[in-house]
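Please read the structure below before turning to the comments.
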Amino acid sequence: MSSRDAILGRVRRALADVRQDDTPYDEIIDRSYLREHGHRSVEETVDLLAENLADYRALVHRCTEEELPEVLMRLLAERGSTSVLVPPQLPPSWLKAVDATRVHDRANSTPHELDRVDSVVTGCALAIAETGTIVLDGSPDQGRRRITLVPDHHICVVRVPGQVVSSVPQGLERLDPARPMTWISGPSATSDIELDRVEGVHGPRTLEVVLVSGQPRAEVVP
Amino acid sequence: MSGTFVGMPAFPKAAHDAVNNPTLRGNLRHATHTIRAKRAKAVSEVSDWAALREAGKQIKDHTLRHLDRYLVQLEESVTRAGGTVHWAADADEANRIVTGLVKATGESEVVKVKSMATQEIGLNEALEAEGIHAYETDLAELIVQLGKDRPSHILVPAIHRNRGEIRDIFAREMSAWGRPAPDGLTDTPAELAEAARLHLREKFLRAKVGISGANFMVAETGTLVVVESEGNGRMCLTLPETLISVVGIEKIVPTWQDLEVFLQTLPRSSTAERMNPYTSMWTGTTDAQTADGPRTFHLVLLDNGRTDTLADQVGRQALRCIRCSACLNVCPVYERAGGHAYGSVYPGPIGAILSPQLRGTASEIDASLPYASSLCGACYEVCPVAIDIPEVLVHLRERVAQGGQVTRQGTKVVLKPAKGHAAERAAMRAARWALSHPGALRTGQRLASRTRRLHPRALPGPGKAWTGSRDLPAVPAEPFRDWWQRTQGGKENGK
Ligand code: SF4
């Protein structure tokens, strides 16, 4: 008998006392927990995201769509980055002001090659305000998981409020499980030494999040 | 399980040694109290905690009650997504499968992300025996591995080491494993973390095979989830060409939506964070064009005593555990005895109910584990899936003392009462230990009250003749100390 059959057989014997029922799964679990915690305006949700990101030591910047190229240029220059990794379909306008050499990720790029790049700029799938989390799902403006892992500096652009949800349940609803995903809440950290929090172990030690509002501020009608 | 740690003494002896180690006690106290306070704060931020806890319990219970169905569904989903599923009835079989898979790649080293399941089966040792080096990449696991030590906490495995000791281990041992520690390494945590980053980076970048566990497996989609902080998990899960995940069969949740419960309760319960820094989710493999992550993915489903545990109607709730370690941090016995005294990879309250079920109670350490608790109930209070640990402990004590039917490797066997009153002996020794440690005694007396019906009416051993014509006095329902506190020495009208 295969181990598969043996294990399944053991499971069935172990459950001999359990009455099997065919109630649909939806009706079995009491999901009376909240879909989101508290009521916030769209504006407040974005503020909460910014606050929670910063609380876990991400550097948060806010700007308009128009200002974005300028902001990205400044952030890379301040960091002294001479090379920047670019996912396959990052909106070209984002990096139009940037001097640093653009490095394009290819399927056969080796980890060592990625390790030589200073920074990476990506978009995201969505961001979760209550937990200060950004989610990457490998879409063309984010690229493969490894490109946001090996370089030491990650700049992630979040479109607000469109890409912001309040809570974990709302976030999962909008994501496609078939895609490889990384949820990021602050830069990598460890508390393994006497529970002292140290930022930056293996992932990027600096995480910058740029919250870009859809319209330039000047155009907002009073 | 592959067996107890070799030559492990019973819990009271091991605990006694630990209690006499002042460094260990100091570290443990600091650590458990710090996490405890932070956790309480993180939990209080979520107003619907009780509802999340109940939903988590229900999801896990439902899954366990239909585990055969969900295992088959998971196998289909993972296979459809490009993964290969293997089934391992016990530790040896799992080790054989993994060793074979690594050998087939032609590689002689693997990078590993912290996984309780692979520790449980002793995978590193099994690989080493076949000439394959397994590098632990979690900072704490690295400290443990370089220090030729054993982990002592689920979440902070090197909790028993302070910064000076860690510095010495790095300075002394790193060179034998790869990139040496930088000259003049000091004991500041940031410098130590930097040394680990440099040491491990060369291993990550060249690794061809990664080995992991998983926190959750979603049956309907075939998605695996790994929750971590440092990024070493992401390295192991995305850079290698081959990924092998060894996961206990109880880690299944039915649907993608179910993650909304556990991704809220797990980080807050374990690291006391709103969310841990990194969570990776993957579903099989991606196509050659996307090339995101390993091209080959193997999932090894591990039984190793889990189906035996499932057969126990009281004890099966232990399989709901999501390994958050909250119960360790609130446990007065763990705080004093430390993780090593439990003689297994699962320390603390959860270890006291899981190890004896996964391994049986044949060894002295496993027979004494159900007694390694004061039954104060703090573990149950904090458990995010509401495992009634005291209930299971009492049940297992009864089993040790009185014998009864259990399932071992899928076969029902009847246990005799522990021979020569080993159970009483274990209990007596635990009592002696508690009596010499007043802090533990305070809560420990509740043990006696809650296990009253298990107490022998006659004394074992040399005391037997004395009780031949007398009964032992019954233990009162409430310990004197509790009564005193509750009623302020009888001033209040409490009975
Ligand atoms: S028993 Fe509960 S509290 Fe303890 S580790 Fe498991 S889930 Fe966490």
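The values are calculated or read from the model by the stated rules, or taken from the named source; none is laboratory data. Note that the coordinates shown come from a computational prediction; the quantities given were computed from them, not determined experimentally. A quick note on method: Cβ atoms are made from the backbone with ideal geometry, for glycine too, and the neighbour counts reach across all protein chains shown. To get the accessible areas, we keep the full protein, side chains included, count just its heavy atoms, and leave off ligands, DNA and RNA. Shrake-Rupley method; radii C 1.70, N 1.55, O 1.52, S 1.80 Å.
For the range B:141-154, which positions are in a loop (DSSP other than H, G, I, E, B) and not small (Gly, Ala, Ser)? First the steps, then the outcome.
So in the range B:141-154, the residues in a loop (DSSP other than H, G, I, E, B) come out as B:147-154.
If the condition is that a residue be in a loop (DSSP other than H, G, I, E, B) and not small (Gly, Ala, Ser), then B:Lys148, B:Asp149, B:Arg150, B:Pro151, B:His153, B:Ile154 are the ones that fit.
Which condition breaks for B:Gly184 when tested against (1) at positive phi; (2) in contact with a Lys or Arg (Cβ under 7 Å, 6 or more places away or on another chain)?
It fails just one condition, (2).
Could you grab me the full set of residues in the range A:174-205 that are within 16 Å of the chain's Cα centre (by Cα) and open to solvent by less than 10 Å² (accessible area, probe 1.4 Å)?
If the condition is that a residue be within 16 Å of the chain's Cα centre (by Cα) and open to solvent by less than 10 Å² (accessible area, probe 1.4 Å), then A:Met181, A:Thr182, A:Trp183, A:Ile184, A:Ser185, A:Gly186, A:Pro187, A:Ser188, A:Ala189, A:Gly203, A:Pro204 are the ones that fit.
Just to be sure, is B:Arg80 under 23 Å from B:Glu241 (Cα atoms), more than 25 Å from the chain's Cα centre (by Cα) and more than 8 Å from chain A (Cβ to nearest Cβ)?
Values: under 23 Å from B:Glu241 (Cα atoms): yes; more than 25 Å from the chain's Cα centre (by Cα): yes; more than 8 Å from chain A (Cβ to nearest Cβ): yes.
Here the answer is yes, as B:Arg80 does meet what is asked.
Tell me which residues, restricted to the range B:122-154, are away from every other protein chain (no Cβ under 14 Å) and under 17 Å from the mean Cα position of the chain (by Cα).
Within the range B:122-154, the first condition is being away from every other protein chain (no Cβ under 14 Å), and the residues that meet it are B:122-134, B:148, B:150.
Selection gives B:Gly122, B:Leu123, B:Arg150.
Can you go through A:Arg79, A:Arg74, A:Arg19, A:Arg12 and tell me which one is over 30 Å from B:Asp287 (Cα atoms), open to solvent by 70 Å² or more (accessible area, probe 1.4 Å) and in contact (Cβ under 8 Å) with a residue 60 or more places away in the chain? Outline the logic, then answer.
Details: A:Arg74 fails: in contact (Cβ under 8 Å) with a residue 60 or more places away in the chain; A:Arg19 fails: in contact (Cβ under 8 Å) with a residue 60 or more places away in the chain; A:Arg12 fails: in contact (Cβ under 8 Å) with a residue 60 or more places away in the chain.
The match here is A:Arg79.
Which one is nearest to the chain's Cα centre (by Cα) among residues in the range B:155-206 that are acidic (Asp, Glu) and not in a helix (DSSP H, G or I)? So that I can check it myself, show each step before the final result.
Looking only at the range B:155-206, we keep the residues that are acidic (Asp, Glu), and these are B:165, B:168, B:173, B:183, B:187, B:191, B:194, B:202.
The next check asks that each one be not in a helix (DSSP H, G or I); those that pass are B:183, B:187.
Details: B:Asp183: 36, B:Asp187: 29 Å.
Among them, the one singled out is B:Asp187.
Select from the range A:114-141 the residues that are open to solvent by less than 10 Å² (accessible area, probe 1.4 Å), polar (S, T, N, Q) and over 14 Å from A:Leu207 (Cβ atoms) and list them in ascending order.
Across the range A:114-141, the qualifying residue is only A:Thr131.
Tell me which of these B:Asp258 doesn't satisfy, since it passes every other one: (1) within 11 Å of chain A (Cβ to nearest Cβ); (2) over 18 Å from A:Ser167 (Cα atoms); (3) crowded, with 23+ Cβ neighbours inside 10 Å.
With respect to (1) within 11 Å of chain A (Cβ to nearest Cβ); (2) over 18 Å from A:Ser167 (Cα atoms); (3) crowded, with 23+ Cβ neighbours inside 10 Å, B:Asp258 is out only on (2).
Pick out, from the range B:268-362, the helices (runs of 4 or more DSSP H) lying fully within it that include 1 or more residues that are more than 22 Å from B:Ser115 (Cβ to Cβ) and either away from the ligand (no atom under 14 Å from the Cβ) or open to solvent by 10 Å² or more (accessible area, probe 1.4 Å) (or both).
B:326-330, B:332-337
Taking strands (runs of 3 or more DSSP E) that fall entirely within the range A:91-169, which contain at least 2 residues that are closer than 23 Å to A:Gly214 by Cβ and within 11 Å of another protein chain (Cβ to nearest Cβ)? Talk me through it step by step, then tell me what you get.
On the way: elements: A:101-104, A:119-122, A:126-128, A:133-136, A:153-160.
In the range A:91-169, the matching strands (runs of 3 or more DSSP E) lie at A:133-136.
Which residue, of B:Leu52, B:Leu28, B:Leu71, B:Leu64, is surrounded by 18 or more Cβ atoms within 10 Å (Cβ to Cβ), in contact with a Gly (Cβ under 7 Å, 6 or more places away or on another chain) and either at pLDDT below 95 or within 14 Å of chain A (Cβ to nearest Cβ) (or both)? First the steps, then the outcome.
On the way: B:Leu52 fails: in contact with a Gly (Cβ under 7 Å, 6 or more places away or on another chain); B:Leu71 fails: in contact with a Gly (Cβ under 7 Å, 6 or more places away or on another chain); B:Leu64 fails: in contact with a Gly (Cβ under 7 Å, 6 or more places away or on another chain).
Matching residue, one of B:Leu52, B:Leu28, B:Leu71, B:Leu64: B:Leu28.
Can you give me the number of residues within the range B:166-197 that are touching a residue at least 24 places away in the same chain (Cβ under 8 Å) and within 14 Å of another protein chain (Cβ to nearest Cβ)?
Going through the range B:166-197 one residue at a time, the tally reaches 11.
Can you tell me how many residues within the range B:369-378 are part of a helix (DSSP H, G or I) and either near the ligand (Cβ under 6 Å from one of its atoms) or open to solvent by 20 Å² or more (accessible area, probe 1.4 Å) (or both)? Write out each step before concluding.
Filtering the range B:369-378 for residues part of a helix (DSSP H, G or I) gives B:369-371, B:378.
Next, only the ones that are either near the ligand (Cβ under 6 Å from one of its atoms) or open to solvent by 20 Å² or more (accessible area, probe 1.4 Å) (or both) stay: B:371, B:378.
Qualifying residue count, the range B:369-378: 2.
Which residue pairs have Cβ atoms closer than 6 Å, lie 6 or more positions apart in sequence or on different chains, and pair a first residue in the range A:195-211 that is among the charged types (D, E, K, R) with a second residue that is open to solvent by less than 10 Å² (accessible area, probe 1.4 Å) and part of a strand (DSSP E or B)?
Short answer, once both residue conditions are applied: A:Arg197/A:Ala189; A:Glu199/A:Ala189; A:Glu208/A:Ile155.
What do you reckon, is B:Glu220 more than 16 Å from the ligand (Cβ to nearest atom), in contact with a Pro (Cβ under 7 Å, 6 or more places away or on another chain) and either within 22 Å of B:Asn304 (Cβ to Cβ) or not assigned by TED's automatic domain parsing to the domain that holds B:Glu75 (or both)? Walk me through it before giving the result.
On the way: more than 16 Å from the ligand (Cβ to nearest atom): yes; in contact with a Pro (Cβ under 7 Å, 6 or more places away or on another chain): yes; either within 22 Å of B:Asn304 (Cβ to Cβ) or not assigned by TED's automatic domain parsing to the domain that holds B:Glu75 (or both): no.
No; evaluated as a whole, the condition is false for this residue.
Taking the conditions exactly as written (assigned to a loop (DSSP other than H, G, I, E, B), modelled with pLDDT under 95 and either open to solvent by 70 Å² or more (accessible area, probe 1.4 Å) or more than 9 Å from every other protein chain (Cβ to nearest Cβ) (or both)), does A:Arg35 satisfy them or not? Break it down into steps so the answer makes sense when it comes.
Values: assigned to a loop (DSSP other than H, G, I, E, B): yes; modelled with pLDDT under 95: no; either open to solvent by 70 Å² or more (accessible area, probe 1.4 Å) or more than 9 Å from every other protein chain (Cβ to nearest Cβ) (or both): yes.
So A:Arg35 does not fit the description; no.
With the condition kept exactly as written, say whether any residue in the range B:385-404 is within 16 Å of the ligand (Cβ to nearest atom), in contact with an Asp or Glu (Cβ under 8 Å, 6 or more places away or on another chain) and either within 16 Å of B:Ala10 (Cα to Cα) or within 14 Å of chain A (Cβ to nearest Cβ) (or both).
For the range B:385-404, residues within 16 Å of the ligand (Cβ to nearest atom), in contact with an Asp or Glu (Cβ under 8 Å, 6 or more places away or on another chain) and either within 16 Å of B:Ala10 (Cα to Cα) or within 14 Å of chain A (Cβ to nearest Cβ) (or both): present.
Six or more apart or on different chains, Cβ under 7 Å: which pairs go from a residue in the range B:341-363 that's under 16 Å from B:Lys13 (Cα atoms) to one that's surrounded by fewer than 24 Cβ atoms within 10 Å (Cβ to Cβ) and hydroxyl-bearing (Ser, Thr, Tyr)? Could you list them?
B:Gly343/B:Thr4; B:Ser344/B:Thr4; B:Ser363/B:Thr4
Is it fair to say A:Arg106 is open to solvent by 10 Å² or more (accessible area, probe 1.4 Å) and more than 16 Å from B:Asp292 (Cα to Cα)?
Details: open to solvent by 10 Å² or more (accessible area, probe 1.4 Å): yes; more than 16 Å from B:Asp292 (Cα to Cα): no.
Taking the combined requirement at face value, the residue does not satisfy it.
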